[in-house]
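Data first, discussion second: the structure below is written as C-alpha cells.
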Amino acid sequence: MKKIKNLTLLLLLFMTGIVYSYGQQPYIVLSGHVLNQQTGEPVVNQPVFISVDSMNYPGYFNEVITDGVGYYSDNLPYIYGGTPGSVTVTTADCNGIMISRSAALLPGMQQLVLDFNICGNMGTGCTALFRYMPGSNDMLTVSFFDESYPAPGVIINSWFWDFGDGNTSSAQNPVHTYSEPGLYNACLFISSNDSSCNSSFCMPVDAGSINPGGCENYFWYLPDSSGTGYTFEGFVMNGEAESYIWDFGDGTTANGQTVFHQFADTNMVHNVCLTTTSILNGDVCTSVSCQEVFSYFPSPCESYFWYYTDSTGTGYTFEGYTMGSQVESWSWDFGDGTTATGQSVTHTFDNPNEIYTVCLTTTGTGPDNEPCTYTSCQEVFIYLPSP
C-alpha cells in the first residue's frame, strides 16, 4: 500500500512538472497602438519595426503592420532565466523621423505594451526623448535629462516621468534615487498647452551598477532636417572618451563624438557600432555598442486609411490619411467593382457575407517636384451588429 502511495505521489509530481513546463510561455507578447497625436485617431497600415538585442536571442528582427484600430503585436522569443535584455520598437512619424521606444526584457515577463503617439500632419507634432546619467559616487541616484524636441511654433510645457519603480515626477530634468539595483523601464511623457503635442519615450535604465559597465558607451541617432541622413552622437558612462570610432555597417567609418552619415541604400537595415577608448582609474578600457538603424524615408504620397459604420448602420465611412502633405488626389477601389474619389467617402456593400479588399491610391508631388503614387489596401469585414 505504501508503494502505491509513493508511486501516486511521484506521478503527481511528474504531472505538475509537465504542466509547469507547458505553462511557462516561451515568448513575450509585445503589443501596442499607434495613434495620431493631433486627433487621437488610430494610424492604420503603419509599419512597425521590432528588434531584440543579442543577450537572449541573437539577431531577432521583425516588421509588423498596424490593423484597422492602429494595433500591432508580436511574439518575442526569450530564454527565461537568462540575463535581462531589451527590445526596441521603431516607427516613422509624418515627417519621416523614426520614433523609437525601448524597454527591458526581464525574467518572468509575459506581456509588454509600447504605445506610440505620432504626428499626423507634416511639420507638426513633437517627439519625446531623454538620456540619463548615474551619479559618480551613488550608482542608485540617476539624473534624467529631457532632450525632447517640438515642432516649429509648439511649446512643450508639461513633463511626466515614470521611473519604472512606482515613482513619478513632473520636473523637466529630475534626479531620482532607486531603492535597489536593477533594470527599470523609465518613460517620459510630454505635452503642450495647446494639445498639439503629445509624445512619449521609454528606455531601460540600469541603476545600481558599480562603475557601470566600466567605460561602457551608448549612442543615439536623429535624422537631419533634409531627411536624407543621420546625426549620430555617442556617450560613455564614466566621463569622457579618448576616442570615438564609428562603423556604419555599410563599409564606411568615422571618428568623433558627433558625426553625420548618409546611407547609400535606404531600404536596408544597417548595424551601426560605436567603439570608445577611455582612461578609467588610470587604466585604458575599450567598449563597443551596436544598434540596428532603419533607413526608412516614406514617400510623400504614402497613405493609409481606416473605416467605421455610418449612422444608418448599413454602410461605411472611409477616411484616408497621408504621411505627407503633397497628396493631390484620393482614389478608392472597394473591391466590388465600384470606385470613388475624395479623402473621406461613404460606401455600402451589397453582400454582408463577403470580405472585400479595399484599396486607396494617392497621387501628388514630392518636395523634389517629382510625381509620386502610393497604394494601401485592407480587408474589410462586413459586420453590422444587431441594434
Item to check | Hz values of 3J(HN,Hα) by residue in region 370-379 - Karplus curve (6.51, -1.76, 1.60), Gly and Pro given as x | outcome: 8, x, 9, 9, 8, 10, 10, 10, 9, 7
Next on the checklist: Amide H of Tyr149 versus every other amide H placed in the peptide plane: which residues, excluding those fewer than 5 positions away on the same chain, fall under 5 Å?
Outcome noted: Thr127, Leu129
Item to check | Approximate spin-label separation Val288-Glu370, in nm, with each point projected 7 Å along Cα-to-Cβ | outcome: 3.7 nm
Checklist outcome for this item: For Trp246, the accessible surface traced by a 1.4 Å probe with all protein chains present amounts, in square angstrom to the nearest 10, to 0 Å²
Checklist outcome for this item: With a Förster distance of 45 angstrom and the Cβ-Cβ distance between Thr258 and Thr338, calculated FRET efficiency to the nearest 0.05 equals 0.25
Item to check | Formal net charge of residues neighbouring Asn255 (Cβ-Cβ distance under 13 Å; K, R +1; D, E -1) | outcome: -2
Checklist entry - Asp194 versus Gln111, label points 7 Å from Cα toward the beta carbon: distance in nm? => result 3.8 nm
Next on the checklist: Need the full-extension length gain, Thr231 to Met133, defined as separation in residues times 0.36 nm minus the C-alpha distance. One decimal, nm.
Outcome noted: 33.2 nm
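The values are calculated or read from the model by the stated rules, or taken from the named source; none is laboratory data. What you see is a predicted model, and the numbers here were worked out from it, not measured in a lab. Counting neighbours? That spans all protein chains shown, and the Cβs are built from the backbone with ideal geometry, glycine included. What goes into the accessible areas is simple: the full protein's heavy atoms, side chains included, and nothing from ligands, DNA or RNA. Shrake-Rupley method; radii C 1.70, N 1.55, O 1.52, S 1.80 Å.
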